[in-house]
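Peer 1: Questions regarding the structure given below will be posed in turn.
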Amino acid sequence: MKIKTKLRLGFGFLFIIVLSFGLIALFFLNELSDKSKVILKDNYKSLKYVSAMRNVLDENIYPLNTNQAGIFEENLKLEGQNITEPGERTAVQKLENSFKTLQTTPSVDTRQRAVKDLRSLLQNIEELNMKAIYAKNELANEASGRANLYIMIAATLSFIILFTFIVNFPGFVANPLAEFSAAIRGISRKNYKQRLHFENDDEFTELANAFNGMVVKLNEWENSNLSKIKSEKLRIEAIIAQMQDAIIGLNEKGEVLFLNHLAAKLINLDEQKIIGQNVAELIKKNELLKRIIKPETADKTLKIYADEKESYFLLENREIVIPNYEEQDDTTLIESSKSAGSVYILKNITQFKELDEAKTNFIATVSHELKTPLSSIKMSLKLLNDERVGSMNEEQNQLLIHIKEDSDRLLKITSELLDLSQVETGNLKLTFAVTKPEDIVQYAIDAVKFQAEQKAIKLELNCDTNLPKVNADIQKTAWVLVNFLSNALRYSAEKSKVIIDVFQKDKFIQFSVQDYGKGIDEKYQKRLFDRYFQVPTDGQNKSGSGLGLAISKDFIEAEEGKIWVVSAIGEGSKFCFTLPIVE
């Protein structure tokens, strides 16, 4: 039987039960109404007529006048038409005879006897109707009690039937659905061995058969792909084992999933024994593994003794994110993905480190060797400018000026390369001293004053009074300011101004140099402090080596400060750095 037919039969049965209960209640209520109507219709009228006739006898003189006699006769006639009880007709006939006697006899004694008879007969009729009312009231009470009993029995039976239907009928639909829901949850957990069995010939049975067929297909698919998955797993493990980089893989619980032979060799652990172990316990016994999993600094370069020498490795940490197919609580948001663990990769950069060191040493050597001939060139230029050697014409003077500018520029580049080599080799030496910020600024302004006067540029200093002192290398910090000022003067128009601000901000002293030149495009600002980077120019301004700002950054960060730039096209540039104050 189909589900739709069962639902129709069930609700049809409920309709019949409710209709039957309504008909039973209506039948007994109608019976009770009829009993009550009989009492009112038959007996109440008789009592009314008797009362009217008694009032006529009580309130008038005998014989009755025509009007009063007419009232009496009218009520007597109506009472004669409303005979309902045994003996009532005889009493009415006697009442008629006694009333005629009252109206026709001239004798006073006869009239008094007639009035007495009339009163007796009226009382008799009244008693007959009162007894009838009492008897019919008893019958109505019995009918009411019987109706209440039958209605209560019908209501009880209806309630029992309806309650049984309400309790059992929803399970006809809900129970199979609950089984389907549990089976689907089992499928989500890859339980392909379960089956659903329904013996009823309905849609649920058809759906269960289709579900069982689907489970069989899923089980076949799972078994057919299991070997492929195992093969892919072995292939991936072989690829990881053959990679030239050290690789360590952890799952979301922090357990070691895999590591290749090179990683096991570096951290001096047995790769077979530590698979499945929690890394939190392993790092307690292995300092190198701790530096890999929980690095204490932001430096990603690790120096490890490997291949019988000190080697350098670049640490990379990548989180593995996969789609989230797990069940979610109703109280939480459903996430589209989740972390499946992390992979740590150690790339051997020893070769590049050695090349970089060789490059740095070469730059330092070349720069150092260049300083001697440059010094000789400057000495020769100074001698040529001495009039005691001999006078020169205008063209020769211009040539000497160009040679001096180029030699100064070459000497500056050579000094910057030497400073850079010191930074890269870790040989940068700073001579810290507690000094006033005003002294550093004044030293820098004095160094570029002549250059500013040549372009008629005004140097405007805004320096707060009573600034706290800073602990810094005076010469190198002043060199940074000189570099800022030189760049500002180079890119500023003639007769403009450059503003130098010095003020306290929290626990730092902030130095800034503001110019009103063309400004720097935003796409170049992020690379401005990179080594050898130069902002493209229009050819009017000679660019430097691209090392000044990079070296400035190294100097300031070595003094535990920060350096940055704020610029926009057409609004000029503002170069800033901070130094911590002395507590």
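Throughout, read-outs are computed from the coordinates displayed, never taken from laboratory work. Since this is a predicted model, take the numbers as computed values, not measurements. Ideal geometry is used to build each Cβ from the backbone, glycine not excepted, and the neighbour counts take in all protein chains shown.
Peer 1: Using only the Cα atoms of region 52-210, build the gyration tensor, take square roots of its eigenvalues as a ≥ b ≥ c, and label the shape rounded, prolate or oblate: rounded if a/c is under 1.5, else prolate if a/b is larger than b/c, else oblate.
Peer 2: Judged from the Cα gyration tensor, region 52-210 comes out prolate (a/c at least 1.5, a/b above b/c).
Peer 1: Something else about it: Take the cross-link list LYS523/LYS553; LYS404/LYS574; LYS518/LYS553; LYS458/LYS518; LYS294/LYS347; LYS455/LYS562 and give me the ones stretching past 21 Å between alpha-carbons.
Peer 2: LYS404/LYS574; LYS518/LYS553; LYS455/LYS562
Peer 1: Also: Given the Cα-Cα distance of LYS505 and LYS94 and 0.36 nm per residue of separation, how much length would full extension add, in nm?
Peer 2: 134.9 nm
Peer 1: Which of TYR150, TYR305 comes first, and how do the rest follow, when ranked by fewest Cβ neighbours within 10 Å?
Peer 2: Values: TYR150 14, TYR305 10.
Ranked by crowding around the Cβ, least crowded first: TYR305, TYR150.
Peer 1: What Kirkwood hydrodynamic radius, in Å, does region 430-580 give when the mean of 1/r is taken over all pairs of distinct Cα atoms and then inverted?
Peer 2: 15.6
Peer 1: Of LYS136, LYS273, how do they rank once you tally other Cβ atoms within 10 Å and put the fewest first?
Peer 2: Values: LYS136 18, LYS273 10.
The fewest-first ordering by Cβ neighbours comes to LYS273, LYS136.
Peer 1: Suppose the chain between GLU203 and ASP446 were pulled fully straight at 0.36 nm per residue; how much longer would it get relative to their current alpha carbon spacing?
Peer 2: The GLU203-ASP446 span can extend by a further 77.8 nm.
Peer 1: Quick check: Cα centre of region 494-517 to Cα centre of region 138-160, how many Å?
Peer 2: 104
Peer 1: Using r as the Cβ-Cβ distance of ALA280 and ILE322, and R0 as 22 Å, what FRET efficiency do you calculate, to the nearest 0.05?
Peer 2: 0.45
Peer 1: Still on this structure, I have one more. So how do 67-74, 14-21, 495-502 stack up, highest first, on mean other-Cβ count within 10 Å? Could you put the intermediate results ahead of the total?
Peer 2: Values: 67-74: 15.2, 14-21: 13.5, 495-502: 16.9.
Listed from highest to lowest mean packing, they are 495-502, 67-74, 14-21.
Peer 1: Which order, highest average first, do 453-462, 435-444, 566-575 follow once you tally other Cβ atoms within 10 Å for each residue and take the mean per peptide?
Peer 2: Result, highest mean first: 435-444, 566-575, 453-462.
Peer 1: Pull up the DSSP beta bridges for region 442-572 and report the antiparallel fraction as a percent, rounded to 5.
Peer 2: Taking every DSSP beta bridge within region 442-572, about 55 percent pair in antiparallel fashion.
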